[in-house]
1. Read phi for every residue in region 222-239 and hand back ³J(HN,Hα) as whole Hz from Karplus 6.51 cos²θ - 1.76 cosθ + 1.60, θ = phi - 60°, with x for Gly and Pro.
2. When only the heavy atoms of the protein chains count and the probe is 1.4 Å, how do LYS105, LYS353 rank by accessible area, highest first?
3. Show me, for region 188-203, the HN-Hα J-couplings you get by feeding each phi into the Karplus relation (A = 6.51, B = -1.76, C = 1.60, θ = phi - 60°), rounded to Hz, glycine and proline as x.
4. Using the Karplus curve 6.51 cos²θ - 1.76 cosθ + 1.60 with θ = phi - 60°, work out ³J(HN,Hα) for each residue of region 154-159 in order, rounded to whole Hz, and write x for Gly and Pro.
5. Give the Kirkwood hydrodynamic radius (Å, one decimal) of region 25-140, defined as one over the mean of 1/r across all pairs of different Cα atoms.
6. Within 10 Å, count the other beta carbons around each residue, average over each peptide in 138-147, 196-205, and list them highest first.
7. Take GLN98 and GLN42, extend 7 Å from each Cα along the Cα→Cβ direction, and tell me the distance between the two endpoints in nm.
8. Could you give the angle, 0 to 90 degrees to the nearest 10, between helix 296-313's Cα long axis and the longest principal axis of the Cα atoms of the chain?
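The values are calculated or read from the model by the stated rules, or taken from the named source; none is laboratory data. Fair warning: this is a prediction, and the values are worked out from it, not measured in the lab. In this analysis, Cβ positions are derived from the backbone assuming ideal geometry, glycine residues included, and neighbour counts consider all displayed protein chains. Heads up: the accessible areas ignore ligands, DNA and RNA and are worked out on the full protein's heavy atoms, side chains in. Shrake-Rupley method; radii C 1.70, N 1.55, O 1.52, S 1.80 Å.
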Amino acid sequence: MQALNPLAIELNEHLRNTAPAVFALLSELGERIYLPKGILSQTAEANTKADRFNATRAIALDFSEDAGDMMHLPASRELVPELTLGSVYGYAPVLGQQELREAWKAHLLQENPTLAGKIFSLPIVTSGMTHGFSLLAELFVDSGNTLVLPDKIWGNYRLIFQTKAGANIQSYPFFNASNGFNTHGFRETLANAPAEKLLILLNFPHNPTGYAVTRVEAQQIVDAIVARAESGCHILVMIDDAYAGLWYDARVMHESLFGLLVGCHGNVVPVKIDGATKEEYAWGLRVAFMSFGLSEVARQPFEQKLSGLIRADTSGASQVSQTLILEAMKAPGYAEQKQHNYETLKARALKVKAVASDVRYAELWEVYPSHAGYFTCLNLKSGNAETVRQRLLEAHGIGAIALGETELRIAYSCLDESDIETVFAKIARVIEGV
């Protein structure tokens, strides 16, 4: 391991004293990383004191008309005429626009009642959720560290944590015999992991099945994590809340596990990863957030380390994307527009549940429980999922995702409600013909 920069040593000591669990979880890179006191800090100082000429910023200014306006191309300006030049073309702060971060924290408090009175960080903006997970892998994962995942996952987890970072994945069956979340298997996997450092990733609403946990299951998950922490294990719990807010069943918990995990045990560090991607129907804007269950005194050194990683990676998320999300959140009719989209997706989800569970298909597939999100997942009783997928595409022009040997994921978010019966009838026809 290379010698540490004095700034990194200072941050490490600060974390060791204020957040020992965070320090214990850091990877080798996490210990090495720091934010240099260079161009960024000098520019920040100049922004407050250079009242005549500021020649620090790596931007170009146009003095031909209004002195000091940002140089830009009218061709792109015409597409966003109502926004200020700085909010479109300027650099965003490394950790994201302050006002957007504050607005997102207010959103989290409104949508997650269990966060009331809890101490957690101002959300940090990332360039999409994948970027957020990649930052966590860099900050916390060394080759051989154990990551606990269910057997049904979003495939990018393996690419980020196993292929890139070298984590050792310990998995457990997602469903139990009653088709509920396998809390017993989860607890057993944690208990049998010998490491003094564990990483856990939980995703509800779940991709690929659309499963959401009940309050009882949620508390059992937290209890299992606390029990493992009691043994002296330091645990990073990553909560993937990509589909937060899209719950369609009153029997499941309509908020994040994050609220239950914040402050649950001194050895547990929870982080919530969510974003505008799905919640604000803004997939390509690539705006996501990370919120950490950390005390106020621990945030400064921790954010300095994250700033160093972001600076070495993307330098920060897109300014115009952040501006669009923030301005949309402040716009008249914002809540009504989100509710309209929610009701549309809920109607599709309920239609899919009724159609896919029809008795005429009982011999062809099992439908995994789906309460939320974008997806339903079929466990085929005959035929190979990849073969079915290919024949659906070639013979009927229908796209679906094959997962393993028998599972087929259908994104009803992309289907009109009136087309759902046709899609499942075609799937049935293909299976019967295989």
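1. Going residue by residue, I get 5, 4, 5, 5, 5, 4, 5, 5, 4, 7, x, 6, 8, 10, 9, 10, 9, 9 Hz, with x marking Gly and Pro.
2. Final ranking, largest accessible area leading: LYS353, LYS105.
3. Running phi through 6.51 cos²θ - 1.76 cosθ + 1.60 with θ = phi - 60° gives 5, 5, 5, 5, 8, 6, x, 5, 8, 9, 10, 10, 10, 10, 10, 9 Hz.
4. So the Karplus estimates, Gly and Pro as x, are 5, x, 5, 4, 5, 4 Hz.
5. After inverting the mean inverse Cα-Cα distance, the result is 17.9 Å.
6. 196-205, 138-147
7. Those two pseudo-labels are separated by 2.4 nm.
8. Roughly 90 degrees between the two axes.
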